[in-house]
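Student: After the structure tokens below, expect a handful of questions from me.
The values are calculated or read from the model by the stated rules, or taken from the named source; none is laboratory data. Keep in mind the model is a prediction, meaning the values are calculated, not measured. Counting neighbours? That spans all protein chains shown, and the Cβs are built from the backbone with ideal geometry, glycine included. Accessible surface areas use protein heavy atoms only, side chains included; no ligands, DNA or RNA. Shrake-Rupley method; radii C 1.70, N 1.55, O 1.52, S 1.80 Å.
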Amino acid sequence: MNTPNTMLSPELSPESLKKIDREVAKYPADQKQSAVMAALVIAQDEKGWLPKETIAAVATYLGMAPMAAYEVASFYNMYDLHPVGKYKITVCTNLPCALSGGVHAADYIKQKLGIDFNETTPDGMVTLKEGECMGACGDAPVMLVNNKRMCSFMLPEQIDKLLAECK
Amino acid sequence: MALIDTINPLLTTGWTKGDAGWSLKDYEARGGYKQWRRVLESKMSQDDLIAEVKKSVLRGRGGAGFPTGLKWSFMPKAAPVKYVVCNTDEGEPGTFKDRDLMRFDPHSVIEGMIIAGYAVGAKAGYNYIHGEIFEAYQRFEEALDQARAAGYLGDNILGSGFSFDLFAHHGWGAYICGEETGLLESIEGKKGQPRFKPPFPANFGLYGKPTTINNTETFAAIPFILGMGGEAYLNLGKPNNGGTKLFSVSGHVNRPGNFEVPMGTPFSKLLEMAGGMRGGRKLKAVIPGGSSAPVLPGEVIMDCTMDYDSIAKAGSMLGSGAVIVMDETVCMVKALERLSYFYYEESCGQCTPCREGSGWLYRVVHRIEHGEGRPEDLDLLNRVTDNMMGKTICALADAAAFPVRSFIKHFKSEFEYHIENKKCLVDPEIQRMGSGFFKAGAA
Ligand SMILES: Cc1cc2nc3c(=O)[nH]c(=O)nc-3n(C[C@H](O)[C@H](O)[C@H](O)COP(=O)(O)O)c2cc1C
Ligand code: SF4
């Protein structure tokens, strides 16, 4: 089980900072704060989740108040304010997906992993989340792996294949 | 899965090669950026350009159906700094057309945005892309690099003296950022909480500057409108409902996916293109314009054509063109419960009627679905919606209310059955079979 790692340095790596600089360059010079959403994703990718100290580090880098960055991190659903497994699988259960098996896919994957939504497998590998519409209802059932990889048509066979990859 | 079928391909001309046809050279090979070149070379006036868009009667494809040319004409001429913003925060349940536009034809959106920038006198633009489709965001960034390298974007474009640059911004999981002012707040690096209107974005938009904001599909239509002329585009559809439209068909059909058809196409034709009802079952209900649109009974929608006016006359909204099809295996109470949960989860919380009302709606529908409904609950639900509609900063409260009112209106007996008998009218075994997840006979 992942526990908050207090040894983790809140500071971001030079690579992450370089990526954040690229985001900052998209906005007017006096609007650095606009890059906070992308910067928090870059930070989350590096650290695995977003400890308060990391959010504060992002805020400082962008010249904004830590609380302002924390407000953003807590408003949007895909920022992880708590540790998650190596793989975070988010299942869409909204109506269009449900009509084509979204809820059944969620039940199936819960049973396979032996966990419920918002839980992590004992080996720390997979965290399961319930998601809202991902804008891909034609491909239902839809799942999102680690926020960035969309998996389509997740019938039992495809779910088995995905879980076999989560090692 | 991309385009499933089309009657009159415009927006989807480039989709046939799927992931292999999106890059700059493919787009140019099918006439891409020709209209942008023409605008620059002919030094077209801003007024003429906007007049052409007005002639097309292109109506915003993001949900509200506001005439695009008119919206552009609201931009103050003299302001020194202005912006163009594209709304690709597609999160309305049932809608998945903008994702495919991003994946299969991102340059059409870029060309549309550049032309819009020229028309309203903006020098920069942003495309706000739904966080969940990060792969499409990455592709859009690649497409921007291609357009910049080819000189269609940037300083002194093609030697014209006009400069315009465009950037991609991604969301990270908040439906409310689809609301245009919530979206602007989000680009500014804040919580995506909508702003009180007026002032409208044309006067006070991104960073407080005049801003034109349109949906992805709206921008993508612009090059085609300039190519064929506004009038020809209008004539593809029907009066007051110009052009073609992408419909995202989901739910109980044999071939879910995106369809491009002329405005005014009969619903029955669209259903046929989607392969008809799954398993040949009976059509029960359709939400014709995304989850916020009132549901219509099957027999009502079968007499409708797919355009703003026909759907409005039937008591619903064309919205984003997301057609959610439900067959007789659906328990309408359960369907509504899921939708109500969505609005409860996604309310940004700054207006009391919406924050509290959406919770009330969800909890009461939930208790009806779970056999704990009370005889007075249907009146209670309607009363709660009365206290939400038109009483908030943005339309999410209305979007939460419409499904509740329409489900109760058209399927009242199912709700009453639930309250009286503490169970679904539709047998759970039949419901389970409807999704197609379980192979016939499997556990
Ligand atoms: C709660 C809510 C969610 C919305 N979501 C979207 C969306 O995902 N995409 C979109 O284009 N418009 C959305 N809209 C509509 C926008 O506010 C706006 O009207 C639209 O982007 C304007 O573009 P158009 O004129 O081209 O349609 C939403 C509105 C509300 C109230
Ligand atoms: S209506 Fe709801 S979502 Fe819209 S601003 Fe108010 S609380 Fe937020």
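Student: Accessible area per residue, 1.4 Å probe, Å², for chain A: what's the number?
Tutor: On the way: 7240 Å² over 167 residues.
Per residue, chain A has 43 Å² of solvent-accessible surface.
Student: Heavy-atom accessible surface, probe 1.4 Å, ligands and DNA/RNA ignored: which residues of the stretch B:311-353 lose at least 40 Å² versus the isolated chain?
Tutor: When all protein chains are present, B:Arg338 each give up 40 Å² or more of accessible surface.
Student: Moving on to the next point. What does DSSP give for the protein assembly as shown in terms of the percent of beta bridges that are antiparallel, rounded to the nearest 5?
Tutor: 45 percent
Student: Taking the full set of protein chains and a 1.4 angstrom probe, give the accessible area of B:Glu28 in square angstrom, rounded to the nearest 10.
Tutor: Accessible surface of B:Glu28 is approximately 70 Å².
Student: Treating the angle as unsigned and between 0 and 90°, give the value, to the nearest 10°, between the Cα long axis of helix B:412-421 and the longest Cα principal axis of chain B.
Tutor: On a 0 to 90 degree scale, this one is about 40.
Student: Now for a different question. Relative to the first principal axis of the alpha-carbon coordinates of chain B, what is the inclination of helix B:332-346, with its axis defined by its Cα atoms, in degrees from 0 to 90 and to the nearest 10?
Tutor: Approximately 50 degrees, to the nearest ten.
Student: Ranked highest first by average number of other Cβ atoms within 10 Å, how do A:13-25, A:71-83, B:414-426, B:181-193 line up?
Tutor: Packing order, densest peptide first, comes out as B:181-193, A:71-83, B:414-426, A:13-25.
Student: Ignoring ligands, DNA and RNA, how do A:Ser9, B:Ser310 rank by accessible area with a 1.4 Å probe, largest first?
Tutor: A:Ser9, B:Ser310
Student: Then there is this: Under 20 Å Cα to Cα from B:Lys269, which lysines show up? Leave out anything in the same chain fewer than 8 places away.
Tutor: Hits, sequence-local ones excluded: B:Lys97, B:Lys238, B:Lys245, B:Lys282, B:Lys284, B:Lys313.
Student: Let me cross-check B:Asp303: its accessible surface, 1.4 Å probe, with only protein heavy atoms counted, in Å² to the nearest 10?
Tutor: The accessible area comes out at roughly 130 Å².
Student: Need the list of lysines near A:Lys86 for cross-linking: C-alpha distance under 24 angstrom, and skip anything on the same chain fewer than eight residues off.
Tutor: A:Lys19, A:Lys47, A:Lys52, A:Lys110, A:Lys112, A:Lys129, A:Lys148, A:Lys161, A:Lys167
Student: What's the total accessible area buried between chains B and A, using a 1.4 Å probe, rounded to the nearest 100 Å²?
Tutor: The B and A chains share an interface burying roughly 4400 Å².
Student: Let me ask another. For chain B, what % of the accessible area comes from carbon and sulfur atoms, probe 1.4 Å?
Tutor: Carbon and sulfur together cover 53 percent of it.
Student: While we're on this one: Going by the alpha-carbon gyration tensor, a ≥ b ≥ c the square roots of its eigenvalues, is the protein assembly as shown rounded (a/c under 1.5) or, if a/c is not under 1.5, prolate (a/b greater than b/c) versus oblate?
Tutor: oblate
Student: Would you tell me the accessible area of A:Cys151, worked out with a 1.4 angstrom probe on the heavy atoms of the protein chains, in Å² to the nearest 10?
Tutor: Approximately 10 Å² for this residue.
Student: Probe of 1.4 angstrom, ligands and nucleic acids ignored: what's the accessible area per residue over the stretch B:319-443, in square angstrom?
Tutor: That works out to 44 Å² for each residue.
Student: Taking Cα pairs under 8 Å and at least six residues apart, what relative contact order does the stretch A:103-167 come out at, in percent? Let's see the in-between values first.
Tutor: Details: 56 pairs, mean separation 16.3, N = 65.
Here the relative contact order equals 25 percent.
Student: Need one value for A:68-79: mean number of C-beta atoms belonging to other chains within 10 Å of its residues' C-beta atoms.
Tutor: Mean partner shielding for this stretch: 5.
Student: Can you tell me which aspartates and glutamates have their Cα less than 13 Å from the Cα of B:Lys17? Leave out same-chain residues fewer than eight positions away.
Tutor: B:Asp26, B:Asp100, B:Asp105
Student: Relative contact order of chain B: what whole-number percent is it, with Cα pairs under 8 angstrom and at least 6 residues apart?
Tutor: Dividing the mean separation by the residue count of chain B yields 16 percent.
Student: Still on this structure: Taking each residue of A:33-44 in turn, how many C-beta atoms of other protein chains fall within 10 Å of its C-beta, and what is the average? Mind dumping the intermediate values first?
Tutor: Details: counts 3, 10, 2, 4, 12, 6, 1, 2, 4, 0, 0, 1.
Across the residues of A:33-44, the mean count of other-chain Cβ atoms within 10 Å is 4.
Student: Can I ask one more? If you average the sequence gap of Cα pairs under 8 Å that are 6 or more apart and divide by the length of chain A, what percent do you get for the contact order? List each step's numbers first, then the result.
Tutor: Details: 255 pairs, mean separation 31.9, N = 167.
Here the relative contact order equals 19 percent.
Student: Helix-only mean residue ellipticity at 222 nm, chain A, DSSP H runs n ≥ 4 weighted -39,500 (n - 2.57), per residue, nearest 500. What is it?
Tutor: On the way: 7 runs with 71 residues, N = 167.
It comes out at -12500 deg cm²/dmol, rounded to the nearest 500.
Student: Given a 1.4 Å probe and every protein chain left where it sits, what share in percent of the accessible area of chain A is carbon and sulfur? Display every interim value, and only then the final one.
Tutor: Numbers: 3900 of 7240 Å².
Solvent-exposed carbon and sulfur of chain A make up 54 percent of the total.
Student: Still on this structure, I have one more. Per residue, how much accessible area does the stretch B:12-171 have with a 1.4 Å probe, in Å²?
Tutor: Computed with neighbouring chains in place, this is 34 Å² per residue.
Student: Are there cysteines in chain A with no other Cys C-beta under 4.7 Å, and if so, which?
Tutor: Among the cysteines of chain A, those whose Cβ sits 4.7 Å or more from every other are A:Cys133, A:Cys137, A:Cys151, A:Cys166.
Student: Now, a different point. Given the DSSP H assignment, sum -39500 (n - 2.57) over each helix run of at least 4 residues in chain B and divide by its residue total; what's the result at 222 nm in deg cm²/dmol, nearest 500?
Tutor: Computed mean residue ellipticity for chain B: -12500 deg cm²/dmol.
Student: What does the structure give for A:101-108 when I average, per residue, the other chain Cβ atoms found within 10 Å of the residue Cβ?
Tutor: For this peptide, the per-residue mean of nearby foreign Cβ atoms is 3.
Student: Any idea what angle helix B:216-228 forms with the longest principal axis of chain B, computed on alpha-carbon atoms, 0 to 90 degrees, nearest 10?
Tutor: 50 degrees
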